[in-house]
Protein chains: 2
Amino acid sequence: MIESTPARTDLCKAAPRAHPRPEGQDRYTISEVVAFTGLTAHTLRWYERIGLMPHVDRSHTGQRRFTNRDLDWLTFVGKLRLTGMPVADMVTYAEMVREGESTFEARAELLQRTRRDVLARIAELQDTLAVLDHKIEFYADARRAPERF
Amino acid sequence: MIESTPARTDLCKAAPRAHPRPEGQDRYTISEVVAFTGLTAHTLRWYERIGLMPHVDRSHTGQRRFTNRDLDWLTFVGKLRLTGMPVADMVTYAEMVREGESTFEARAELLQRTRRDVLARIAELQDTLAVLDHKIEFYADARRAPERF
DNA sequence: AGCTTGCTTGGAGTGCACTCCAACGTTTTA
DNA sequence: TAAAACGTTGGAGTGCACTCCAAGCAAGCT
């Protein structure tokens with residue numbers, strides 16, 4: 001049962017992009033999408049509920065059938081997630097996509113703000129790297145001279 | 001009342017290092033530490049409860065009196081927090097510090113693992129930057145040619 | 001002495017992003 | 001055709017990192 005995969009979505013770590021999708025199809029079941037994206041079925045349903053997906057097709061019995069477009073969107077959402085953008089902002093973006101071209105400006109702004117945040121975060125991380133290296137070197141020194149007096 | 005400051009600690013954003021501490025003192029009240037670190041008093045007490053602080057001194061009436069050493073530690077903890085290290089790992093590190101030199105090896109390892117995580121995260125963010133730039137350029141193009149046919 | 005402001009505690013509550021459950025219907029495989 | 005695997009739903013639960021609360025003691029000022 002795939003439902004029970006933990007998949008610890010570290011909010012700051014990559015989803016394990018498992019299989020690449022086999023081109024030549026355009027209707028995927030939820031478990032296929034799970035395999036392609038590394039998201040859980042729970043998360044996919046939840047994304048739909050909160051409005052983070054464009055309307056997902058259903059089979060005649062009501063089961064979800066995802067398209068290649070949906071997979072592309074999920075790949076993009078995955079990238080946004082990696083930026084650290086809150087899900088609420090992604091939903092806003094998705095809503096703007098649904099509204100059409102009139103929201104181009106606002107979408108660009110949201111993305112630019114995100115871009116600035118990413119740059120700031122990278123700078124922050126590089127700062128911490130300096131501190132980490134400093135400490136690590138201290139421990140290395142301590143090992144090299146374990147009984148200096 | 002300082003207690004009610006929201007201070008939205010974004011887990012991926014810098015604390016607003018407010019005042020630099022005035023050298024020449026070695027016993028600070030909790031509200032002074034709040035001013036120096038940007039953490040809330042709640043968070044400072046919580047850090048102590050979970051074992052993330054070395055034993056904090058108390059006044060004769062039981063109020064906390066933080067030292068410069070405590071402030072240095074909090075600065076370091078702030079850096080670790082920026083790396084995205086989970087609090088549980090920081091507590092582990094703090095415990096090792098309390099154990100003494102016998103844990104130098106393990107501490108270095110933890111820091112090295114963290115360093116690798118930071119490098120990976122930076123790479124990830126740089127990846128998202130490419131996607132973001134691609135999209136932003138698309139919207140810029142759309143603005144430059146608003147009525148192409 | 002009275003008032004205001006600050007500090008104490010244990011425990012409960014919050015927000016985010018999932019994560020899981022029960023109960024049931026559908027599809028695929030043997 | 002029967003069993004096993006997969007799909008559906010609303011709503012409840014989880015884990016993290018805080019964040020807040022109530023009730024009460026303490027310190028400083030007038």
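Just so you know, all these numbers are worked out from the coordinates, no wet-lab data involved. Because the structure is a prediction, the values reported are computed rather than measured. Cβ coordinates were reconstructed from backbone atoms using ideal geometry, including for glycine residues, and neighbour counts include every protein chain displayed.
What to note about this one:
- Residues of type aspartates and glutamates that B:LYS79 reaches as a straight line, Cα spacing below 16 Å, ignoring anything fewer than 8 places off in the same chain: A:GLU124, A:ASP127, A:ASP133, B:ASP10, B:ASP70, B:ASP89, B:ASP117
- Separation of alpha-carbon centers, the stretch A:96-145 and the stretch B:93-149, rounded to whole Å: 6
- Each principal axis of the stretch B:11-144 carries a Cα extent, and these read 70, 35, 25 Å when sorted largest first.
- Ranking of B:HIS134, B:HIS60 by neighbouring Cβ atoms within 10 Å, starting from the fewest: B:HIS60, B:HIS134.
- Amide H within-cut-off set for A:TYR28, under 5 Å, with H built and near neighbours excluded: A:PHE66, A:THR67
- Per-residue Karplus couplings for the stretch A:64-77, computed as 6.51 cos²θ - 1.76 cosθ + 1.60 with θ equal to phi - 60°, are listed in order as 5, 10, 7, 9, 4, 4, 4, 5, 4, 4, 5, 5, 5, 4 Hz, Gly and Pro entered as x.
- Taken residue by residue and averaged, Cβ atoms of other chains lying within 10 Å of the Cβ of B:107-116 number 4.
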